[in-house]
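First comes the structure, then the notes that go with it.
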Amino acid sequence: MPLSLDWMNLFGGLSSGQVVSVVIVAAIFTAAAGLTLLALIAFGVRAGLMAPSYTGRVPAASDIELLAFMAAFVLGMISILLMVFLGFAENDLDNPLFLPLAVGPILLGGLFLITGAGLAFRTVRRRRVETVRQS
């Protein structure tokens with residue numbers, strides 16, 4: 001007979017395999033959402049859409065840099081959508097395509113995010129070095 005406090009149990013009624021699946025899926029969703037949010041913020045700042053008065057002194061971003069940030073954003077969103085549509089099983093880890101199709105776009109998006117950040121750093125750093133040399 002269930003106790004009156006069973007509804008407070010976070011994983012009430014789930015088997016240990018299902019609890020592991022919930023924790024893993026929550027971690028993957030968090031990583032995908034973080035990647036999406038960071039890429040969108042970086043794109044907005046470097047494109048001059050966010051904080052334009054503060055970024056006016058910084059050189060404009062190249063098209064490749066903005067494309068890298070946008071690709072990271074899109075891959076994060078694709079990962080979230082794939083997890084939603086692949087996760088219809090009782091246990092998400094029962095589907096052998098779930099982990100590769102969920103984590104793959106996140107890893108590729110992270111690579112694009114780091115590439116865009118590297119290009120942004122190089123662009124901003126080159127501008128500061130040129131300004132110092134001219135003075």
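The values are calculated or read from the model by the stated rules, or taken from the named source; none is laboratory data. Treat the numbers as computed from the prediction; the structure is a model and nothing was measured. Quick reminder, even Gly has a Cβ in these numbers, built from the backbone with ideal geometry, and neighbours come from all protein chains shown. The accessibility values were calculated without ligands, DNA or RNA, using every heavy atom of the protein model including side chains. Shrake-Rupley method; radii C 1.70, N 1.55, O 1.52, S 1.80 Å.
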Check: Taking segment 94-104, which residues are open to solvent by 60 Å² or more (accessible area, probe 1.4 Å) and among the hydrophobic types (A, V, I, L, M, F, W, C)?
Finding: 97, 99, 101
Next item on the list: Kindly check whether there is at least one residue in segment 68-81 that is part of a helix (DSSP H, G or I) and either farther than 30 Å from residue 123 by Cα or in contact with a strand residue (DSSP E or B) (Cβ under 7 Å, 6 or more places away or on another chain) (or both).
Entry: yes
Note to self: For segment 54-67: of the residues being crowded, with 18+ Cβ neighbours inside 10 Å and either in contact with a Ser or Thr (Cβ under 8 Å, 6 or more places away or on another chain) or within 20 Å of residue 104 (Cβ to Cβ) (or both), which is modelled with the highest pLDDT?
What the structure shows: 65
Next item on the list: Name every residue in segment 8-24 that is open to solvent by 70 Å² or more (accessible area, probe 1.4 Å) and in a helix (DSSP H, G or I), in order of residue number.
Entry: 8, 16, 20, 23
Checklist line | Flag if residue 74 is of a type in the set (A, V, I, L, M) and either surrounded by fewer than 15 Cβ atoms within 10 Å (Cβ to Cβ) or modelled with pLDDT of 95 or more (or both) | finding: yes
Note to self: Given the options 51, 32, 39, 27, name the one that is outside any helix (DSSP H, G or I) and either open to solvent by 50 Å² or more (accessible area, probe 1.4 Å) or closer than 21 Å to residue 73 by Cβ (or both).
What the structure shows: 51
Item checked: Residue within segment 17-39 that is within 26 Å of residue 125 (Cβ to Cβ), among the hydroxyl-bearing types (Ser, Thr, Tyr) and in contact (Cβ under 8 Å) with a residue 12 or more places away in the chain present -> no
Notebook entry, point to check: Does at least one position in segment 109-124 carry a residue that is closer than 25 Å to residue 14 by Cα, open to solvent by 40 Å² or more (accessible area, probe 1.4 Å), over 11 Å from the mean Cα position of the chain (by Cα) and not hydroxyl-bearing (Ser, Thr, Tyr)?
Noted result: no
